[in-house]
Amino acid sequence: MVFSSPLFLFVFLPITLVLYFLIKEKHRNLVLLVASLLFYAYGEPKFVVVMIVSIIFNYFFALAIERRGSKKVFLSAAVIFNLSLLFVFKYLNFSVSIFASIFHLDVDIIPIVLPIGISFFTFQAMSYIIDVYRGDAKAQRNIRDLGLYISLFPQLIAGPIVRYNSIATQIEDRQVSPELFGAGSKRFIAGLCKKVLIANNVAIVADYFFGQSASGNSIAGAWLGAVSFALQIFFDFSGYSDMAIGLGKMFGFHFEENFNYPYISKSITEFWRRWHISLGKWFRDYVYIPLGGSRVSIPRHIINMGIVWILTGIWHGASYSFIVWGLMYFAALVLEKYIIKPSGRKSTLFGSIYQSLVLIYILFAWVIFKADGLENGIRYCLSMIGVYYHNNLVDAHFIHMVKEYGAFLLAAVAFSTPIAAIVSNRVKDKKLVFVEKYIVPAIYLVGLLWSVSFMILGAHNPFIYFNF
């Protein structure tokens, strides 16, 4: 089930909200837990068993870590269990194919269906276990409440990755005011508009150009496809995060932000402080800092960065493309940290040129991320720089896509900047009561109705990060 579907909007969410607010407060977590398991089970009922197994094992592991003397033993067992769960479903076939290729073995690979969002809920479970081990959180005695933390449907499938110690008190005691519910509803609608109106439309442009052979695209078409995917993945993923944060508020939860206008970044370092913030913090706190972070020798620091970025690439999927994508950012960050050092330069001209180069680099990285296989990704990158001699600069397909979807692309570019937030803040600062009271709600209503019309007329529109 996806948020951007009539079934969720008009059946699942209203029923869940009615039951949640009608029942006594002490039973509300149970309502949310059941709703979350049903939400996950929709379409893939067998995989809810995987989640329940994860909840049960992590529940007992945490209790053992807190109560027993051999804390490291139980921590190791818990980490091995969670990583094994992730490995079997996500990386086993990839590993077998590599092994077979190295030793020239003829191995039949049995297809393994990937449970949706397994990387997200597994990382949440691991953060809970590690926080209990470190003493940053107490082990949850109520398995229902731990189950709710791991399976909570607003952020279950595509994040943000919620740390247990950030919402432990909210799980046990939270309040929903009309103001908080209203703010959550607005945030949800904003995310829905991002997904349905922008991401889904620019995706048509991206899919068209990536669906062609690299030598078949014009140079302008190849660039348009790359830009379209960069906009698609931002509005798709940040749209989901907005909806998750909004839904959380509607039930009294406060989730941390996951995006902060990444495409206005002036460096690669800044980009990764603004993009998928919860994942970056997870790797920082549970991998990078335990390895020594930056408080080590330069060679060791580079090794630490390499480990983090290889893992970041692998986290996104079992593919050489994702590994190369991670290594691209590793290489860029090493150059930025030790050679380019953009933060230490005072030249405005250098800053502007470097910011443009950063955005171009991000586009090429997205091509590797998007393309069907590493070889196709490299070919697409080559088409962007005109390597194929018979590629035209512009062709009819480029012109057609600009005419058909130009308005959506312009809207995507505009809203990938803080322009809407700036306008909203000025309205509040100047206390334009009429605008706040009537115009803003009307904009949200129109956005909701427009999104619903697209949903009804459109086809299945899963989120990109459901694959991870």
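The values are calculated or read from the model by the stated rules, or taken from the named source; none is laboratory data. Remember, it's a predicted structure, so these values are computed and weren't measured experimentally. Here Cβ is always computed from backbone atoms with ideal geometry, including for glycine, and neighbour counts include all displayed protein chains.
Within the range 159-188, count every residue that is of a type in the set (K, R) and either at pLDDT below 90 or within 19 Å of R28 (Cβ to Cβ) (or both).
Final tally of qualifying residues: 2.
At least 3 residues that are among the small types (G, A, S) and out of contact with any Gly (no Cβ under 6 Å at 6 or more places or on another chain) in each: list the helices (runs of 4 or more DSSP H) lying fully within the range 1-102 that qualify.
Once the helices (runs of 4 or more DSSP H) in the range 1-102 are filtered for at least 3 residues that are among the small types (G, A, S) and out of contact with any Gly (no Cβ under 6 Å at 6 or more places or on another chain), what remains is 28-41, 47-67, 71-86, 92-102.
Determine whether the range 400-412 contains at least one residue that is more than 24 Å from the chain's Cα centre (by Cα) and among the hydroxyl-bearing types (S, T, Y).
So far as the range 400-412 goes, yes, one or more of its residues are more than 24 Å from the chain's Cα centre (by Cα) and among the hydroxyl-bearing types (S, T, Y).
Restricting the first residue to the range 349-374 and requiring it to be closer than 18 Å to Q232 by Cβ, which pairs with a second residue that is hydroxyl-bearing (S, T, Y) and in a helix (DSSP H, G or I) meet a Cβ separation below 6 Å and a spacing of at least six or different chains?
Close Cβ pairs satisfying both conditions: V367/Y380; I368/S321; A371/Y380.
Just one of (1) outside any helix (DSSP H, G or I); (2) modelled with pLDDT under 85 trips up Y438, so point out which.
(1)
Of all residues in the range 341-372, count the ones that are surrounded by 11 or more Cβ atoms within 10 Å (Cβ to Cβ) and either at positive phi or not in a helix (DSSP H, G or I) (or both).
Selection size over the range 341-372: 4.
Going residue by residue through the range 373-393, is there one that turns out to be in a loop (DSSP other than H, G, I, E, B) and closer than 25 Å to I310 by Cα?
Yes.
Give me the residue from the range 413-426 that is polar (S, T, N, Q) and surrounded by 14 or more Cβ atoms within 10 Å (Cβ to Cβ) and, out of that set, farthest from the chain's Cα centre (by Cα).
Per the criteria, the residue is S424.
Residues of the range 252-268 being among the charged types (D, E, K, R) and within 15 Å of the chain's Cα centre (by Cα), which ones?
Hits for the range 252-268 are E256, E257.
I'm trying to understand the selection: among the residues of the range 309-339, which are crowded, with 20+ Cβ neighbours inside 10 Å and in contact with a Leu (Cβ under 8 Å, 6 or more places away or on another chain)?
W309, T312, G313, S321, G326
So which pairs qualify, if the first residue must be in the range 430-447 and under 16 Å from G182 (Cα atoms), the second must be assigned to a helix (DSSP H, G or I) and of a type in the set (K, R), the Cβ gap must be under 8 Å, and the two must be at least 6 apart or on different chains?
E436/K428; Y444/K186
Residues of the range 291-327 being touching a Phe, Trp or Tyr at 6+ places or on another chain (Cβ under 8 Å) and touching a residue at least 40 places away in the same chain (Cβ under 8 Å), which ones?
Selection gives I298, I314, W315, H316, G317, A318, S319, S321, F322, W325.
Looking only at the range 212-223, how many residues end up being among the hydrophobic types (A, V, I, L, M, F, W, C), within 13 Å of F398 (Cα to Cα) and surrounded by fewer than 24 Cβ atoms within 10 Å (Cβ to Cβ)? So that I can check it myself, show each step before the final result.
As a first pass, look at the range 212-223 and keep what is among the hydrophobic types (A, V, I, L, M, F, W, C): 214, 219-220, 222-223.
Remaining after also requiring within 13 Å of F398 (Cα to Cα): 219-220, 222-223.
Within this subset, residues satisfying the condition of being surrounded by fewer than 24 Cβ atoms within 10 Å (Cβ to Cβ) are 219-220, 223.
The number of residues fulfilling the criteria is 3.
Going by the conditions given, is F209 farther than 30 Å from V132 by Cα, buried (at least 24 other Cβ atoms within 10 Å of the Cβ) and aromatic (F, W, Y)?
The answer is yes for F209.
Please report, ordered by residue number, the helices (runs of 4 or more DSSP H) entirely within the range 237-330 with at least 3 residues that are farther than 24 Å from F369 by Cβ and aliphatic (A, V, I, L, M).
By residue number, no helices (runs of 4 or more DSSP H) qualify.
Between residues in the range 95-114 that are in contact (Cβ under 8 Å) with a residue 40 or more places away in the chain and not assigned by TED's automatic domain parsing to the domain that holds V49 and residues that are in a helix (DSSP H, G or I) and among the polar types (S, T, N, Q), which pairs lie under 7 Å by C-beta distance while being six or more apart or on different chains?
Correct list of pairs: empty, since none qualify.
Taking L374, is it more than 27 Å from I118 (Cβ to Cβ) and either hydrophobic (A, V, I, L, M, F, W, C) or in contact with a Phe, Trp or Tyr (Cβ under 9 Å, 6 or more places away or on another chain) (or both)?
No; evaluated as a whole, the condition is false for this residue.
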